[in-house]
Amino acid sequence: MSDTRPDEAASPIPGERPRVVLGVTGGIAAYKAAELLRRFTESGHDVTVVPTAAALQFVGAPTWSALSGKPVATDVWTDVHQVPHVRIGQEADLVVVAPATADLLAQAAHGLAGDLLTNTLLTARCPVVFAPAMHTEMWEHPATRANVATLRARGNLVVEPAEGRLTGKDTGKGRLPDPAEIYEFCSEVLARSTSGASLAQDLLDRDVVVSAGGTREYLDPVRFLGNRSSGLQGYALARAAAARGARVTLVAANVALPDPAGVKVIPVETTAELRAQVLAAAPGADAIVMAAAPADFTPSEVSEAKIKKAADGSVPPLRLRQNPDILREISAERVRPGSVIVGFAAETGDHTGTVLELGRAKLERKGCDLLVVNDVSGGAVFGSPDNEAVILTADGASVEVPSGSKGRLAHRIWDEVAARMTVSASAEPTI
Ligand code: CTP
C-alpha cells in the first residue's frame with residue numbers, strides 16, 4: 001500500500017505540475033467552472049481549458065485564458081501543427097468536464113469526436129471525471145441513464161448532480177455540485193491515480209452509507225444536549241468513497257460543511273432521526289460506516305415551551321434515558337448479508353484499560369467488522385483537519401494509521417472495507 005497522502009495532489013513526474021484538462025460544455029453552470037479553474041491553478045495545477053462552442057456562448061475565451069494563464073484551445077483547426085486534438089488528451093493527468101451537458105455525455109458514451117473536447121476524451125488515458133448539470137427530466141431520461149451507465153462501465157467517473165434550484169423557477173436533481181467540492185473530488189481522483197494506491201475504482205457500483213456529525217437531544221424548543229463532533233471525518237469518508245466510485249449516502253447530524261460532490265446528503269438532528277435514516281438505508285448498503293457521534297442519552301421529557309428560570313433559584317431536574325445503540329443494532333441484524341460495518345471509538349483510556357484495550361472490548365460489544373479507535377485525551381481530534389487512529393479488525397488484527405489528514409485516514413479505512421467486500425462478493429457456497 002502506498003504511503004502517499006491521497007489528499008495531496010502528487011505530481012505525476014517529480015517536479016512537474018499535474019496537468020489537468022478542464023472541459024466546459026454549454027450549460028448555464030459554465031460560469032461555475034471559472035471558480036473550479038481558479039482552484040486548480042491556485043493549487044499548482046497546469047490547466048488547459050477546452051470549452052465547446054456552446055460553452056463560449058455562456059463564458060468567453062478571455063475568461064478561460066486569463067484564469068488558466070494559457071491560450072485557450074477552442075477548436076481542432078487552431079495550431080494544427082501541434083496536433084492539439086490528440087496531444088491535449090494524451091498529455092493529461094486528469095480530464096474533468098464541468099458542467100457536462102446531456103449532449104456531451106451522449107457524445108462521449110458513443111465515442112463521437114466532432115470537436116476538440118470529444119477528441120480529447122477519446123485520446124485521454126488518464127482518469128476522466130464528468131460533473132453533469134442539466135434539468136432533472138434530462139438527467140432522468142433513459143437515454144441519459146444509459147449513457148451514464150456506459151461511461152461508468154468504462155471506468156469514467158460521473159459525479160451525481162446535486163439537488164436544488166435549477167435554471168428558471170424549478171428545483172430538483174441536476175445542479176452542478178459546489179465547485180470547491182468538485183475540486184476536492186478531482187484532487188482525490190488525481191492523487192489516487194498518481195500515488196500507485198490500489199485500484200482507484202474499487203468501490204464502483206457499491207452502495208455505502210456514512211454517518212457524520214453529532215446529534216442534538218432537545219430539552220425544549222431552543223436548548224439541546226450536544227457534542228463536539230465536527231463531521232470532518234465523516235465528510236472525508238464520504239468524499240473518499242465517492243472518488244472510489246461508490247454511491248454514497250451521507251447521514252449528517254448538524255454538520256456545517258458543504259455537500260461533497262456526488263454524495264446524497266440526508267440532514268438529521270437527533271439520534272432517533274439518525275437511527276431511522278441509517279436503518280432505512282441499511283438493506284441496500286454494502287458498507288455502513290458510523291463516524292457520527294450519536295448522543296447516548298436523551299431527556300426523558302421534552303418541554304414544549306421554553307423552560308424558564310424559577311424565581312426561587314431552584315434548578316429543574318435533568319432526567320435522561322438511554323438512546324438505542326445504532327451500531328450495535330445494525331451489526332446484530334445484518335439486514336444485508338456480507339455488508340461491512342465500521343464503528344468509531346473515541347477513547348481516553350481510564351483505570352479499567354488503555355485506549356486500545358477499551359477499543360477491543362468495544363469492538364466485541366458492538367459486533368462490527370472494524371473499529372477505528374481514536375485517542376481523544378485532550379480533545380485533540382475535534383474540528384482538527386488531522387487524525388491518527390488504529391483500525392481494529394474483528395479477527396484480532398490491528399492497522400496503525402499514523403497522524404495525517406482525515407482524508408488519508410478515510411482512504412485507509414476504505415482500503416480495509418474494500419478488501420472485505422471483495423471477499424464477501426466473490427464468496428461462493430461450497431458444495
Ligand atoms: N454509536 C451508535 N449509537 C449510539 C452511540 C454510538 O451507533 N447511540 C456508534 C458511534 O457512531 C460509533 C460507535 O458507536 O461508531 C462508538 O461510539 P462511542 O460513543 O465510542 O460508543 P458508546 O457505545 O457510546 O460507548 P461509551 O460507553 O464508551 O460511550
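The values are calculated or read from the model by the stated rules, or taken from the named source; none is laboratory data. For clarity, every value in this text was computed on a predicted model and none was experimentally measured. Counting neighbours? That spans all protein chains shown, and the Cβs are built from the backbone with ideal geometry, glycine included. Each accessible area value is taken on the protein alone, full model and side chains, heavy atoms only, with ligands, DNA and RNA left out. Shrake-Rupley method; radii C 1.70, N 1.55, O 1.52, S 1.80 Å.
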Checklist line | Leading residue by the ranking (surrounded by the most Cβ atoms within 10 Å (Cβ to Cβ)) among those in region 296-343 that are acidic (Asp, Glu) and within 9 Å of the ligand (Cβ to nearest atom) | finding: ASP325
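So, VAL222, is that one within 16 Å of the ligand (Cβ to nearest atom), open to solvent by 10 Å² or more (accessible area, probe 1.4 Å) and assigned to a loop (DSSP other than H, G, I, E, B) or not? Give the steps one after another, and end with the answer.
Values: within 16 Å of the ligand (Cβ to nearest atom): no; open to solvent by 10 Å² or more (accessible area, probe 1.4 Å): yes; assigned to a loop (DSSP other than H, G, I, E, B): yes.
It is false that VAL222 is within 16 Å of the ligand (Cβ to nearest atom), open to solvent by 10 Å² or more (accessible area, probe 1.4 Å) and assigned to a loop (DSSP other than H, G, I, E, B).
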Next item on the list: Determine whether region 255-270 contains at least one residue that is among the basic types (Lys, Arg) and free of Cβ contacts under 8 Å to residues at least 40 places away in the same chain.
Entry: no
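With the condition being free of Cβ contacts under 8 Å to residues at least 24 places away in the same chain and of a type in the set (A, V, I, L, M), I'd like the helices (runs of 4 or more DSSP H) fully within region 103-197 carrying at least 3 qualifying residues. Break it down stepwise before answering.
Details: elements: 116-123, 136-140, 142-153, 179-195.
Output list is empty.
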Next item on the list: State all residues of region 349-372 that are within 11 Å of the ligand (Cβ to nearest atom) and open to solvent by 60 Å² or more (accessible area, probe 1.4 Å); if no residue qualifies, say none.
Entry: ASP350, THR352, ARG365
Next item on the list: Test ALA293 against the stated conditions and say whether it is within 10 Å of the ligand (Cβ to nearest atom) and under 24 Å from the mean Cα position of the chain (by Cα).
Entry: yes
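Does ALA346 satisfy the criteria of being among the aliphatic types (A, V, I, L, M) and more than 14 Å from the ligand (Cβ to nearest atom)?
Here the answer is no, as ALA346 does not meet what is asked.
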Note to self: Which count do you get for residues in region 298-310 that are in contact (Cβ under 8 Å) with a residue 12 or more places away in the chain and farther than 30 Å from PHE344 by Cα?
What the structure shows: 5
Check: Within region 82-94, can one find any residue that is in the same structural domain as ALA162 (by TED's automatic domain parsing), over 23 Å from ARG17 (Cα atoms) and open to solvent by 20 Å² or more (accessible area, probe 1.4 Å)?
Finding: no
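Here is a check on your reading of the model: is ASP375 of a type in the set (D, E, K, R), more than 11 Å from the ligand (Cβ to nearest atom) and under 30 Å from VAL158 (Cβ atoms)?
On the way: of a type in the set (D, E, K, R): yes; more than 11 Å from the ligand (Cβ to nearest atom): yes; under 30 Å from VAL158 (Cβ atoms): no.
Considered against the rule, which asks whether it is of a type in the set (D, E, K, R), more than 11 Å from the ligand (Cβ to nearest atom) and under 30 Å from VAL158 (Cβ atoms), ASP375 comes out as no.
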Note to self: Pull out all pairs, ordered by first then second residue, where Cβ-Cβ is under 8 Å, the residues are six or more apart or on different chains, the first lies in region 311-339 and is in the same structural domain as VAL289 (by TED's automatic domain parsing), and the second is open to solvent by 100 Å² or more (accessible area, probe 1.4 Å) and basic (Lys, Arg).
What the structure shows: ARG328/ARG365
Note to self: Which numbered condition in (1) in a strand (DSSP E or B); (2) within 12 Å of the ligand (Cβ to nearest atom) is the only one that VAL265 fails?
What the structure shows: (2)
Next item on the list: Give me the pairs, please: first residue somewhere in region 226-247 and on the phi > 0 side of the Ramachandran plot and assigned by TED's automatic domain parsing to the domain that holds MET290, second residue anywhere and open to solvent by 40 Å² or more (accessible area, probe 1.4 Å) and in a helix (DSSP H, G or I), beta-carbon distance under 9 Å, and either six or more positions apart or on two chains.
Entry: GLY245/ARG152
